[in-house]
1. Could you calculate the contour length gain from ASN9 to SER50, that is, 0.36 nm times the residue separation minus the distance between their Cα atoms, to one decimal place in nm?
2. So for each of 18-30, 39-51 I average, over its residues, the number of other beta carbons within 10 Å; can you give me the resulting order with the highest mean first?
3. Under the definition of Cα pairs under 8 Å and six or more residues apart, what whole-number percent is the relative contact order of the chain?
4. About the Cα centre of the chain, what is the dipole size in debye to 20, counting +1 per Lys and Arg Cβ and -1 per Asp and Glu Cβ, all else neutral?
5. Place +1 on the Cβ of every Lys and Arg and -1 on the Cβ of every Asp and Glu in the chain, take the dipole about the Cα centre, and give the residue among LEU58, LEU6, VAL32 whose Cα lies farthest towards its positive end.
6. With n ≥ 4 as the cut-off for DSSP H runs, can you work out [θ] at 222 nm for the chain, using -39500 (n - 2.57) per run divided by the number of residues, rounded to the nearest 500?
7. Of [x] 15.3, 48; [y] 11.1, 35; [z] 10.5, 28, which one was derived for Rg and Dmax of the Cα atoms in Å from the structure shown?
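Each reported figure results from applying straightforward, stated rules to the coordinates on display, with no laboratory input. Only a predicted model underlies this, so the values are computations on that prediction, with no experimental measurement involved. Please note: Cβ atoms are built from the backbone with ideal geometry, for glycine as well, and neighbour counts cover all protein chains shown.
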Amino acid sequence: MRELDLKGNINTLKGKLKQKYGDLTEDDLTFVEGKEDEFIGNLQKKLNKSREEIAGELRKMMEK
């Protein structure tokens, strides 16, 4: 699986994630540079989806 460059896209991604998943909070979307795995892991737990599903959604959101 190729790496995700979340750092440059994080504000846009946060907005799109909030639109798609209204129950996500700011705490759920807290991103610390260098801790992409932790960010994806938090989304995984909150949305009850696999790591691959989350990564795929994030990639699609970044492409739009």
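1. 12.6 nm is the gain from fully extending ASN9 to SER50.
2. Packing order, densest peptide first, comes out as 39-51, 18-30.
3. With pairs under 8 Å counted, the relative contact order is 32 percent.
4. 280 debye
5. Highest projection toward the positive end goes to LEU58.
6. -17500 deg cm²/dmol
7. Computed from these coordinates, Rg and Dmax of the Cα atoms in Å corresponds to label [z].
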